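Just below is one structure, and these are the notes that go with it.
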Amino acid sequence: MKPDLFQAPDYYLLDDLLTEEHKLVRDAARAWVKRDVSPIIEEYAQKAEFPKQLIKGLAEIGGFGPYIPAEYGGAGLDQISYGLIMQEIERGDSGVRSTSSVQSSLVMYPIWKYGNEEQRMKYLPKLATGEWIGCFGLTEPDYGSNPGGMVTNFKDMGDHYLLNGAKMWISNAPFADIAVVWAKNEEGRIHGLIVERGMEGFSTPETHNKWSLRASATGELIFDNVKVPKENLLPNKSGLGAPLGCLDSARYGIAWGAIGAAMDCYDTALRYSKERIQFDKPIGATQLQQKKLAEMITEITKAQLLTWRLGVLRNEGRATSAQISMAKRNNVNMAIEIAREARQMLGGMGITGEYSIMRHMMNLESVITYEGTHDIHLLITGMDVTGFSAFK
């Protein structure tokens, strides 16, 4: 792959809206991606392997639970800092960002928000350093966009719970040390359980032959009469709203992350347009290519403003689930359209591993699907503005 010459676009001078801490956090993540991710990521994507050596660096830049209080091992940063870290990591690769945001929003967040003090002290510090990696079990073979229909269940056996069922499309599953698993009790109420690697009957087979998120480890979670200690139940929230609260945090991070992928595709296409000569002039001097670039930077700028405002609302505790949903849908769709246009600008070179664009495009096909599909997010916005549910 070519050297990483990335220069971040800031057409509306959004840096003026950031604090010095925001910029320090972002620049540290950006430098780490250039140094440690960009030189190796194409190789790992080609061989469909997660680069585990990045875990230590992810922890050092605040990639694991940056908003978790320092007393539990987190950095105690605000929501805009969290978003900026996700943006920079996904500029490198969506799969690496997936590992980070799953650990942060889908594992550490529920333990912090829904767990008790003993659970927070036991798990969060080791998750923050990357000593332990976690995963999140919600989606099932027959229940994706309708997670409330899940059939994974647990029974109270007196001194423990007995867990049975299966989850699929689980990022980090093949090497995760713990899993935050959502399952129904005997009354049909959804609860979160912390399942640890090594518990008898718990297995995590890897999903192979993916064309997307190839540098991320994806797998299943299989529970065959797994005995889960009662102290591993998350006590402070139950019902479908509990996992959906985690998804709010994750979707918010994705809204920022998608901007990173879009910026990388735009920056690559812009540089190429100035260097590639056809008909005795750079292709960037032609009207059609300028149209593409002008539309790209416009959409990136709109997405940057959207996520910055959403970050302010998150910091104030005022962001709604529907607002987060809109940002996730808009920004991922924006990124995938920019990836496609950028790929066309590079012609045949755009499909090679010499450039990042095709990898981003393939990755974004997963990002536009997971944590709520594009169409489901449209229905969330539709329900929010009309008051009518059109999910079924």
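The values are calculated or read from the model by the stated rules, or taken from the named source; none is laboratory data. Remember, predicted model here, so these are calculated numbers, not experimental data. No Cβ is skipped: glycine too gets one built from the backbone with ideal geometry, and neighbour counts run over all protein chains shown. These area figures cover heavy atoms from the full protein model, side chains too; ligands, DNA and RNA do not enter into them. Shrake-Rupley method; radii C 1.70, N 1.55, O 1.52, S 1.80 Å.
I'm trying to understand the selection: among the residues of segment 95-106, which are of a type outside the set (Gly, Ala, Ser) and either within 16 Å of PHE50 (Cβ to Cβ) or open to solvent by 20 Å² or more (accessible area, probe 1.4 Å) (or both)?
Once the filter is applied, which keeps residues that are of a type outside the set (Gly, Ala, Ser) and either within 16 Å of PHE50 (Cβ to Cβ) or open to solvent by 20 Å² or more (accessible area, probe 1.4 Å) (or both), segment 95-106 yields VAL96, ARG97, THR99, VAL102, GLN103.
Among ASN232, ASN225, which is the only one that is assigned by the TED database to the domain that holds THR152 and loosely packed, with under 14 Cβ neighbours inside 10 Å?
ASN225
Taking segment 108-144, which residues are modelled with pLDDT under 95 and outside any loop (DSSP other than H, G, I, E, B)?
Of everything in segment 108-144, just one residue is modelled with pLDDT under 95 and outside any loop (DSSP other than H, G, I, E, B), namely TYR143.
Give me a count of the residues in segment 152-179 that are within 13 Å of ASP224 (Cα to Cα), of a type outside the set (D, E, K, R) and either open to solvent by 30 Å² or more (accessible area, probe 1.4 Å) or not in a loop (DSSP other than H, G, I, E, B) (or both).
So the count comes out to 8.
Which one is least open to solvent (accessible area, probe 1.4 Å) among residues in segment 318-358 that are over 20 Å from ALA303 (Cα atoms) and β-branched (Val, Ile, Thr)?
Among residues in segment 318-358 that are over 20 Å from ALA303 (Cα atoms) and β-branched (Val, Ile, Thr), the one least open to solvent (accessible area, probe 1.4 Å) is THR352.
Condition first: of a type in the set (Lys, Arg) and surrounded by fewer than 16 Cβ atoms within 10 Å (Cβ to Cβ). Now tell me which residues in segment 359-392 satisfy that.
LYS392
Being in a helix (DSSP H, G or I) and free of Cβ contacts under 8 Å to residues at least 60 places away in the same chain is the filter; apply it to segment 57-73 and report the residue that is nearest to ARG97 (Cα to Cα).
Only one residue tops the list, namely GLY57.
With GLU88, GLU49 as the choices, which residue is open to solvent by less than 10 Å² (accessible area, probe 1.4 Å), of a type in the set (Asp, Glu) and within 20 Å of GLU365 (Cα to Cα)?
GLU88
Scan segment 264-293 for residues that are of a type in the set (S, T, N, Q), open to solvent by less than 50 Å² (accessible area, probe 1.4 Å) and under 12 Å from GLU341 (Cα atoms) and jot them down.
THR268, GLN289
Give segment 107-146 a look and list any residue that's closer than 18 Å to GLY76 by Cα, buried (at least 19 other Cβ atoms within 10 Å of the Cβ), out of contact with any Leu (no Cβ under 8 Å at 6 or more places or on another chain) and of a type outside the set (A, V, I, L, M), or say none.
TYR109, ARG120, TYR123
Return a yes/no flag: does segment 241-263 have any residue that is surrounded by 16 or more Cβ atoms within 10 Å (Cβ to Cβ) and more than 23 Å from the chain's Cα centre (by Cα).
no
Spot the failing condition for LYS126; the list is (1) in contact with a helix residue (DSSP H, G or I) (Cβ under 8 Å, 6 or more places away or on another chain); (2) under 23 Å from PHE50 (Cα atoms), and only one is missed.
The one condition LYS126 does not meet is (1).
Taking segment 224-267, which residues are charged (D, E, K, R) and in a helix (DSSP H, G or I)?
Residues satisfying the conditions are LYS230, GLU231, ASP248, ARG251, ASP264, ASP267.
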